[in-house]
Amino acid sequence: MVHASFTSMLAFFLFFSSGCATAPKVEDPYSFGVELMADSSPESAQNEGSSPATAHTAAQEIPLVGLRGLAAAYHLDFGVAVAFKALSISKYAQIVSSEFSTLTPENEMKWQYIHPVAGSYELFFGDQLVQFAQSHQMKVRGHTLVWHNQLPRWVSESVTTEDALLKLVTEHVSTIVGHYRGKIAKWDVANEVIDDAQGMRDTLFYRLSGTEFLSTAFRAAHEADADALLYLNDYSVEAINPKSNRLYELCKALLAQGVPLHGVGLQAHWDLDDLPSMSSVRKNIERFAALGLKVDITELDIRMKGAPTPERLRVQAEAYAALVRVVLDTEGSDSITVWGVDDGHSWVPQWMSSYGSALLLDGKYRAKQAYAAVVGELSNR
Ligand code: XIL
């Protein structure tokens, strides 16, 4: 059953009147509630993270010039993860639409929020984001259909057999992809299914079905919207390494089974002190592309520990530029999404203590050196 009427309107009203999310019940450590406490008002959104991020302000102001327009000249999509609640901040909304050509809902389409109760879907927040994107000629990247995180407890409590799991995955995927048919260009069908140390990640999905949940989810998504491009998305798979090797083998196996897999998403949540080798990133993109897959950078941010110095911000700028260069120069890769508009709306400080300053704009929406470096890469080539 899909219902987005009364409960949604009520949620919408309470959302803005109280500053707290109401509809989805938070049952996962990746908590929407935590976020809202941290940045539910425009003031706190602007202040959060702004003290360390102001370190670069001695430099001249860097103008915002519209990344999306510059990127379009190279047929590159430059996207951003957007939080529905932050769109009520006019400056934030204005930057989203003028700088970026693709929108990824940061949380709103995750199982916890979109399917909080068995048989009941909460599509309102996703719908609002899609509408915003459409009214600003932005594409939408759907994120994400099957993920072990931000999964409501009722799923593991009620599903104990492979049959029941595959039935539920089919229902979940068909309902959501069907609802957004024609409106969502790309879906992160499955997220983070590769284990960090060995093999596949040990999740409810994998324990009950092996890799069958993947073929089921991709087939259901393809059936619900034959035009949507379907991705496997993961982190620490940007360069060639044991984890990306496992992802590569999985892709080959799925393709050999005729599963409608169209691309891989390389998240690219990077640590400035532990950057991957760019030549390895390039080779990695090339080998996935050689399988006939598209390769998108889906969640780029480059965090740093402690207060950002001008020198650290310069090194960060170089890293952003280097990745843009690799994407522009590599066949099969034409999409970069940053995981947040500005350092005041970044998941980094909340999830990785003492880290921050990971995005292109600081906590006061001022462009950083990283922004200027990306503009530089997208100009004068
Ligand atoms: C993060 C969001 O940014 C946070 O707001 C939320 O609390 C937790 O999830 N990999 C992913 C994203 O695929 O969905 C995650 O997003 C970051 C890591």
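So which residues in the stretch 230-245 are under 19 Å from S280 (Cα atoms), outside any helix (DSSP H, G or I) and of a type outside the set (F, W, Y)? Full working, then the answer.
Start the filter on the stretch 230-245 by keeping residues that are under 19 Å from S280 (Cα atoms), which leaves 233-245.
Filter once more, so that each one left must be outside any helix (DSSP H, G or I): 233-241.
Hits for the stretch 230-245 are N233, D234, S236, V237, E238, A239, I240, N241.
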Taking the stretch 183-208 and keeping only residues that are in a loop (DSSP other than H, G, I, E, B), buried (at least 16 other Cβ atoms within 10 Å of the Cβ), of a type in the set (A, V, I, L, M, F, W, C) and away from the ligand (no atom under 15 Å from the Cβ), one is left with I184, A185
If you check L266, L255, which single one turns out to be aliphatic (A, V, I, L, M), at pLDDT 95 or above and farther than 24 Å from E106 by Cβ? L255
For V281, which of the numbered conditions (1) surrounded by 21 or more Cβ atoms within 10 Å (Cβ to Cβ); (2) among the aliphatic types (A, V, I, L, M); (3) free of Cβ contacts under 8 Å to residues at least 40 places away in the same chain fails to hold? (3)
Taking only pairs six or more apart or across chains, which ones have beta-carbon atoms under 7 Å, a first residue in the stretch 136-155 that is over 17 Å from E106 (Cβ atoms) and away from the ligand (no atom under 16 Å from the Cβ), and a second residue that is at pLDDT 95 or above and part of a strand (DSSP E or B)? W154/V117
Tell me which of these S101 doesn't satisfy, since it passes every other one: (1) more than 16 Å from the ligand (Cβ to nearest atom); (2) closer than 21 Å to Q267 by Cα; (3) touching a residue at least 60 places away in the same chain (Cβ under 8 Å). (3)
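Just name the residue that is farthest from A72 (Cα to Cα) out of those in the stretch 82-108 that are of a type in the set (V, I, T) and within 14 Å of the chain's Cα centre (by Cα). Walk me through how you get there before you give the answer.
Our first condition is that a residue be of a type in the set (V, I, T); within the stretch 82-108, this holds for 82, 89, 95-96, 102, 104.
Now drop any that are not within 14 Å of the chain's Cα centre (by Cα), which leaves 82, 102, 104.
On the way: V82: 20, T102: 11, T104: 18 Å.
Applying the filter and picking the extreme gives V82.
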Which pairs turn up if I take residues in the stretch 244-262 that are more than 16 Å from Y206 (Cβ to Cβ) and look for partners that are loosely packed, with under 14 Cβ neighbours inside 10 Å with beta carbon separation below 9 Å, at least 6 apart in sequence or on another chain? L255/G292; P260/A226; H262/G292
Select from the stretch 336-368 the residues that are surrounded by fewer than 24 Cβ atoms within 10 Å (Cβ to Cβ), in contact with a helix residue (DSSP H, G or I) (Cβ under 8 Å, 6 or more places away or on another chain) and among the polar types (S, T, N, Q) and list them in ascending order. Q350
Pick from the stretch 252-301 the residues that are among the small types (G, A, S) and more than 23 Å from D227 (Cβ to Cβ): which of them is nearest to the chain's Cα centre (by Cα)? A268
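Looking at the stretch 118-127, which of its residues are touching a residue at least 60 places away in the same chain (Cβ under 8 Å) and surrounded by fewer than 24 Cβ atoms within 10 Å (Cβ to Cβ)?
Here is the first cut: in the stretch 118-127, the residues touching a residue at least 60 places away in the same chain (Cβ under 8 Å) are 119-125, 127.
Answer for the stretch 118-127, where residues must be touching a residue at least 60 places away in the same chain (Cβ under 8 Å) and surrounded by fewer than 24 Cβ atoms within 10 Å (Cβ to Cβ): G119, S120, Y121, E122, L123, F124, D127.
Restricting attention to the stretch 212-230, does a residue exist that is hydroxyl-bearing (S, T, Y) and within 19 Å of W111 (Cα to Cα)? Give the steps one after another, and end with the answer.
Just the residues of the stretch 212-230 that are hydroxyl-bearing (S, T, Y), to begin with: 215-216.
Going one step further and asking which of them are within 19 Å of W111 (Cα to Cα), we end up with 215-216.
Yes, there is a match, as at least one residue in the stretch 212-230 is hydroxyl-bearing (S, T, Y) and within 19 Å of W111 (Cα to Cα).
The values are calculated or read from the model by the stated rules, or taken from the named source; none is laboratory data. Just so we're clear, the structure is a prediction, and the values are computed from it rather than from any experiment. Ideal geometry is used to build each Cβ from the backbone, glycine not excepted, and the neighbour counts take in all protein chains shown.
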